[in-house]
Amino acid sequence: MIRKHHGRELLWLVPFICIALIAVSLLRPLPRFPLPEHYRTVVDGGGNTIHIALPFRGVALATNSFPSGYLETTRSPQLLVYAGKPSDRGMLAKNAMSWIYPEVLNDDNLWNTRLFKNTSSPFSEIETLLAYDPSVWIGCGGPPDLVRRVGLPAFGCGGSPALRQRMGLPNLRSKEGCGTPPDPMRSHYPKGYVNGGWYFPENYLFPGLRLSSELIGHPELAEPRIDAYCKIVADLQQELRPSSLTYRPRVQMVGEPKGTVPRAGMVDVEAEREIPGDDAERLLILDPDMIFLVVGSPQEFERDSSWQALKAVQKHQVYRRPGQLEWWATGVTFKPVLLRWLAEIAHPERLQPNVRQLLRDRVMSEFGYRLSEEQIDLVLHVKENAGSVGAERFTRGYQTTSEQRSSK
Amino acid sequence: MTEAIMADPAISQAKTKTAWTLEYGWAIPLLLGVGVLVAILASLCIGAYPMSFAQAARIVMHLAWPGPLPANPPWTVKEITVVQIIRLPRVLLVTLAGLGLGISGTALQGMMRNPLVGPDIVGVSSGAAFGGVLAMLWDFPPVGIVGLAFCGGMLAMACTFGLAKLSHAGTDSMITILAGVFVGAFFLALIDLIKHLANDAQLPSMVFWLLGTFVGADARKVAMIAIPTLGGGALLMTLRWRLNLLSLGDLDAKSLGMNVSVLRWAILALVSLIVASQVAVSGVVGWVGLVVPHCARMLVGPDHRRLLPTAGLLGALFVLGLDDFTRAVMKAEIPVGVLTALIGTPVVCFLLWKSQGKGWGRE
């Protein structure tokens with residue numbers, strides 16, 4: 001009887017042992033995906049060799065790979081098998097790429113509407129991607145190391161292009177700067193002002209464009225697009241002649257590579273001197289001539305009693321800059337347009353109003369899509385900038401009016 | 001008089017229940033053990049990649065069975081990847097966290113003879129969380145996080161009991177709980193200070209971790225929680241007879257020849273180790289250690305020989321169920337710590353109202 005009870009008292013050991021055995025099973029070697037029977041090989045931004053299964057089963061966008069960026073750089077919506085989570089879909093809906101490729105936005109099969117649709121876990125993301133079974137995954141946020149260790153075809157668009165160069169592969173950053181003359185102020189910038197090599201947007205735009213073109217099997221598509229980009233930058237430099245400028249407005253702009261500001265004939269107030277902290281007093285000390293907002297409206301900013309002493313507020317030179325966060329967060333198409341927009345604000349006397357036409361032409365030449373006047377207004381934040389000095393040149397029909405004025 | 005008491009239907013019903021518990025109470029932990037194993041396998045079927053129960057069971061059986069895997073396995077590489085790398089670590093992490101919290105809460109309540117005690121009430125969770133965030137601030141490796149979390153948990157526990165002793169309250173008093181609340185609040189303030197000192201890269205991970213989450217479970221984390229939980233839990237199981245004596249009160253326990261002080265510190269150290277390992281891998285998952293022992297007590301009564309395993313297994317089922325609920329029904333990674341608090345509070349209120357002290361009577 002006592003022995004019987006003693007045995008019962010030890011029954012708790014059974015689940016303990018079972019759980020321990022299952023836990024120990026995790027120490028087994030990881031499973032490994034075999035190489036596909038037929039494949040082509042590409043090298044990603046981090047120098048990793050990826051074997052893409054053939055026949056091509058499509059591209060899946062893994063964690064932090066923005067659908068708008070994929071669409072802009074590849075122009076291949078038909079190759080997508082998985083575009084992302086509902087939050088990614090929401091972001092795309094606010095982006096101009098959803099006008100150009102509405103089929104991607106509207107196709108439910110491309111978006112995770114199944115289990116874990118709102119997950120932020122990379123592990124659940126891997127599981128979702130396994131369910132979609134693409135030939136290659138793009139992981140711009142850096143796919144988990146685990147994915148590579150089990151032999152899955154994860155293509156990292158970030159990483160170190162220098163590693164590729166050491167492997168004897170073409171330089172992903174060639175043509176960076178598009179021949180822009182060196183910034184004479186650069187040697188005087190405070191320590192840490194320029195973040196590593198990220199001086200021009202081309203630093204990340206050109207590698208992204210070249211890698212995406214390689215990924216879809218058409219590397220030859222990248223260079224003509226890069227050349228077209230550089231031509232607009234070079235044309236602007238020729239028209240603006242920054243070296244001959246006698247006045248360069250001091251501006252406050254965040255969220256852009258530092259090289260954009262001098263290219264547009266302006267001076268970044270942040271580059272003048274180091275002021276510690278990031279509180280409201282800092283902006284009052286810097287007191288820029290112009291302020292470019294990333295969010296919110298200039299009118300609201302100007303109404304704020306904290307900013308009444310700022311020169312930019314007194315002269316109504318606060319602007320909502322286009323192309324950030326919504327409508328056009330990506331860059332190959334839009335960055336040259338933004339550069340012109342900034343230059344026209346800073347130096348209207350030197351440049352003819354051409355931003356609307358340039359935007360329309362860029363989208364037409366890149367995607368064969370004609371932007372409507374309303375869409376251009378949205379991209380350029382015409383409504384938000386209505387009260388700001390000089391922004392009227394971006395409104396519809398401005399050119400006609402000015403021509404009439406000059407003819408008078 | 002005696003006949004009148006015997007004739008009372010409530011007392012008669014209670015006697016029948018006690019007799020049933022004595023005879024068959026051992027079967028409840030066994031059933032719960034089977035339930036936990038089935039729940040582990042069932043949880044492996046929840047996810048974006050389709051997986052049948054039979055296939056999940058087959059893979060787990062082969063993985064857990066010593067020896068090499070079959071040369072021509074009846075599963076695909078994708079299926080074993082999903083089970084071995086993604087789902088099984090998470091499910092085990094959740095199970096072990098629930099198991100550890102259930103056992104710890106029961107041991108604490110039994111030791112302190114107080115049903116309001118739980119690892120988060122006496123400050124051990126806050127102390128462990130403080131140790132964890134301190135280790136994250138100093139960029140310690142994962143083992144360092146567990147180590148500091150353990151030290152933090154022990155320190156908080158020592159502070160709580162030290163404070164209670166200073167007020168000459170012993171352990172059988174509301175003072176101990178008050179001391180735990182004070183110590184917990186102090187460590188929470190320290191956590192806030194560390195969050196303030198953390199840089200932009202450290203802060204989001206600290207905040208998400210503190211909410212109690214099982215995101216990012218892997219084999220390393222499972223090892224980090226499995227060894228202290230299963231080892232510490234097994235040691236606590238061997239002490240469950242002594243816990244019964246301890247719950248009679250210090251004087252009675254001493255008169256029965258027990259070294260109360262040594263036993264109490266041994267239990268505290270084991271509870272701290274288990275809670276610290278849980279907090280280190282998945283953040284603060286509150287209320288489990290408080291709610292689950294109550295439910296277990298309703299099932300098997302206050303005898304720790306059955307109560308301790310029942311509470312552990314019930315805790316595992318509870319947390320596993322919540323995690324499955326967030327993944328399968330809510331389809332999002334809602335931190336489990338938030339859900340346990342949301343569910344735990346009304347459950348405790350309901351239990352207090354329903355039981356009205358039953359199972360904790362001094363009879």
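The values are calculated or read from the model by the stated rules, or taken from the named source; none is laboratory data. What you see is a predicted model, and the numbers here were worked out from it, not measured in a lab. Backbone-built Cβ (ideal geometry, glycine too); neighbour counts: all protein chains shown. In case anyone asks, the SASA skips ligands and DNA or RNA and just uses the protein heavy atoms, side chains included. Shrake-Rupley method; radii C 1.70, N 1.55, O 1.52, S 1.80 Å.
Tabulated values for the structure
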item	result
Per-residue ³J(HN,Hα) for the stretch B:47-57, Karplus 6.51 cos²θ - 1.76 cosθ + 1.60, θ = phi - 60°, Hz, x for Gly and Pro	x, 6, 7, x, 8, 7, 4, 5, 5, 4, 5
Per residue, in Å², the accessible surface of chain B once ligands and nucleic acids are set aside, probe 1.4 Å	42 Å²
Cα gyration tensor, the stretch A:269-313 - rounded (a/c under 1.5), prolate or oblate	prolate
Non-local Lys pairs in chain B, i.e. 8 or more apart or on different chains, that have alpha carbons under 25 Å apart	9
Within the stretch B:276-315: backbone nitrogen closer than 18 Å to the B:W138 label point (7 Å, Cα to C-beta)	B:276-277, B:280-281
A:F155 long-range amide H proximity, modeled H, under 5 Å	A:W137, A:I138, A:G139
DSSP-defined antiparallel bridges as percent of all bridges, chain A, nearest 5	25 percent
Chain A - charge dipole about Cα centre, Lys and Arg +1 at Cβ, Asp and Glu -1, debye rounded to 20	740 debye
The protein assembly as shown - percent of accessible surface contributed by carbon and sulfur, probe 1.4 Å	63 percent
Of B:L31, B:L243, B:L273, the one that fluctuates the most in a GNM where chain B has Cα springs shorter than 10 Å	B:L31
With at most 15 neighbouring Cβ atoms within 10 Å, loop GluC sites (Glu not before Pro) (DSSP) excluded, longest segment of chain A	A:38-273
Furthest towards positive pole of dipole, B:L236, B:G344, A:I52, structure part the protein assembly as shown, Cβ charges	B:L236
Total accessible area lost when B and A pair, probe 1.4 Å, Å² to nearest 100	4200 Å²
Most fluctuating residue given options B:T229, B:T326, B:T340, as computed from a GNM of chain B linking Cα atoms under 10 Å	B:T326
Chain B, relative contact order [Cα under 8 Å, separation at least 6], %	27 percent
Occluded residues from the stretch B:51-68, i.e. those whose accessible area drops by 20 Å² or more once the chain is not alone (1.4 Å probe)	B:V60, B:L63, B:A64
Residue with peak Gaussian network fluctuation, chain B [Cα springs, cutoff 10 Å], from B:L163, B:L63, B:L30	B:L63
Percent RCO, i.e. relative contact order, over the stretch A:215-347, from Cα pairs under 8 Å lying at least 6 residues apart	26 percent
Relative contact order (%) - the stretch A:5-55, alpha-carbon pairs under 8 angstrom, separation at least six	24 percent
Phi-based couplings in Hz for the stretch A:47-55 (Karplus 6.51, -1.76, 1.60; Gly and Pro marked x)	x, 8, 7, 10, 9, 9, 5, 10, x
Prolate/oblate/rounded label for chain B (Cα gyration tensor, a/c 1.5)	oblate
Alpha-carbon centroid distance for the pair the stretch A:72-105 / the stretch A:36-71, whole angstrom	17 Å
For the protein assembly as shown, share of DSSP beta bridges that run antiparallel, in % to the nearest 5	25 percent
Buried on assembly, the stretch A:28-70 (at least 40 Å² less accessible surface than by itself, 1.4 Å probe)	A:R28, A:P31, A:F33
Among B:S277, A:Q78, A:A222 - extreme Cα towards positive end, dipole of the protein assembly as shown, charges at beta-carbon	B:S277
Cβ charges +1 (Lys, Arg) and -1 (Asp, Glu), total dipole of the protein assembly as shown, debye	1340 debye
Per residue, in Å², the accessible surface of chain A once ligands and nucleic acids are set aside, probe 1.4 Å	46 Å²
Cα-based shape type of the stretch B:167-273, given that a ≥ b ≥ c are square roots of the gyration tensor eigenvalues and the cut on a/c is 1.5	oblate
Per residue Cα convex hull volume in Å³ - calculated over the protein assembly as shown	214 Å³
